[in-house]
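For reference, the structure is listed below as structure tokens.
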Amino acid sequence: MMQNKPIGFFDSGVGGLTVVAEIFRQLPDESVVYFGDVGRYPYGPRSKDIILQFTRQDVAFLREQDVKFIVAACNTASAVALETVAAENDIDMLGVINPGARAAIEATRNGRIGIIGTHATIASDSYPKAIHKLDDKVKVFSLACPLFVPLVEEGYQDKQAARLIAEDYLKSLREVKIDTLVLGCTHYPLLKKTIQDVIGSDVRLIDSATETAAEARKYLEQKGLLRSDGKQTRHKFYVSDVPDRFAPVAERFLGRRIDNIIIVDITKY
Ligand code: DGL
């Protein structure tokens, strides 16, 4: 039965586990198949063509796992490639951009929204386009914050170095008086405390992982696709490489240990 199949997730690496962590919280009865392209991480500094090629392969792999629905848990892949890849496939897909955009529109009071993400996400203009589709009067201020990703991977999110870099990056967004800031990258929710301290407590932070999980839940409810067999969940985690430090980093993103990580050759897809 369709509703008892797992949900597929993919990301450029471990970052998308923030979305899976939210799914575990919001939809504890669902089974998950996750693919993290750890061997080709990061996607953020890459060209549109390469991100598109990688996203096509990630989706082709998940389709082979017979999932009922695919979540692009990577902001960069969602921003740059999802629209194209979704049009090429006959399976429903959800990215992180629209849920984040909707939540930002609901949150803003002064109509001034900031977006932070990787170089590729910001260059794609996907967040401003998604926001303006909902409300064309809102002012959107976009900013690439590429150094946040390695800071989080190295566990520096609460250190002074992270604060100094955040102060430098976010200065321009403070000056334009945004009241809402979209954390448009899988890694940024782990920097929430530092970002909030620097941007000010009056600015509302939008976590696209939380919003995406909520939207996935709504979608499955509406389509009658919530799992209903009452059996124990079975999660599977696939990656394109397992670097030495993979396990502790993945655990930081997911909030629990992952056993049985399976390596796949993604270039075959
Ligand atoms: N997962 C990416 C994103 O959300 C961040 C890491 C990368 O650059 O691949 O944009």
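Read-outs: derived from the displayed coordinates by stated rules, not from any lab. Note that the coordinates shown come from a computational prediction; the quantities given were computed from them, not determined experimentally. Cβ placement follows ideal geometry from the backbone for every residue including glycine, while neighbour counts extend to all protein chains displayed.
Data table
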item: Close pairs (7 angstrom Cβ cut-off, 6 or more residues apart or separate chains): free of Cβ contacts under 8 Å to residues at least 24 places away in the same chain and aliphatic (A, V, I, L, M) in the stretch 155-179, surrounded by 12 or more Cβ atoms within 10 Å (Cβ to Cβ) and not in a helix (DSSP H, G or I) anywhere; result: Ile165/Leu147
item: Cross-chain or 6+ apart pairs with Cβ under 7 Å, the stretch 42-54 first and within 11 Å of Ser78 (Cα to Cα), then assigned to a loop (DSSP other than H, G, I, E, B) and aliphatic (A, V, I, L, M); result: Ile51/Ala81; Leu52/Ala81
item: Flag for Ile105 being closer than 20 Å to Lys268 by Cα and either among the hydrophobic types (A, V, I, L, M, F, W, C) or free of Cβ contacts under 8 Å to residues at least 40 places away in the same chain (or both); result: no
item: Subset of the stretch 107-155 (residues that are of a type in the set (A, V, I, L, M, F, W, C) and part of a helix (DSSP H, G or I)); result: Ala107, Ala120, Ile122, Ala123, Ala130, Ile131, Leu134, Phe148, Val149, Leu151, Val152
item: Failed item, numbered, when Phe24 is tested on (1) under 14 Å from the mean Cα position of the chain (by Cα); (2) within 20 Å of Ala247 (Cβ to Cβ); (3) of a type outside the set (Val, Ile, Thr); result: (1)
item: Thr180 vs. criteria among the β-branched types (Val, Ile, Thr), more than 13 Å from the ligand (Cβ to nearest atom), under 20 Å from the mean Cα position of the chain (by Cα) and farther than 28 Å from Lys48 by Cα; result: no
item: Of all residues making up the stretch 141-167, the number that are closer than 19 Å to Pro45 by Cβ and among the acidic types (Asp, Glu); result: 2
item: Elements of type strands (runs of 3 or more DSSP E) contained in the stretch 158-269, each with 2 or more residues being of a type in the set (Val, Ile, Thr) and surrounded by fewer than 20 Cβ atoms within 10 Å (Cβ to Cβ); result: 261-263
item: Qualifying residue in the stretch 107-126 (condition: more than 17 Å from Ile206 (Cα to Cα) and charged (D, E, K, R)); result: yes
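Each row is one residue, and each column tells you yes or no for (1) under 17 Å from the mean Cα position of the chain (by Cα); (2) of a type outside the set (A, V, I, L, M, F, W, C); (3) more than 16 Å from Gly16 (Cα to Cα).
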position: Val71; (1), (2), (3): yes, no, no
position: Leu82; (1), (2), (3): yes, no, no
position: Ala87; (1), (2), (3): no, no, yes
position: His119; (1), (2), (3): yes, yes, yes
position: Ser124; (1), (2), (3): yes, yes, yes
position: Tyr127; (1), (2), (3): yes, yes, yes
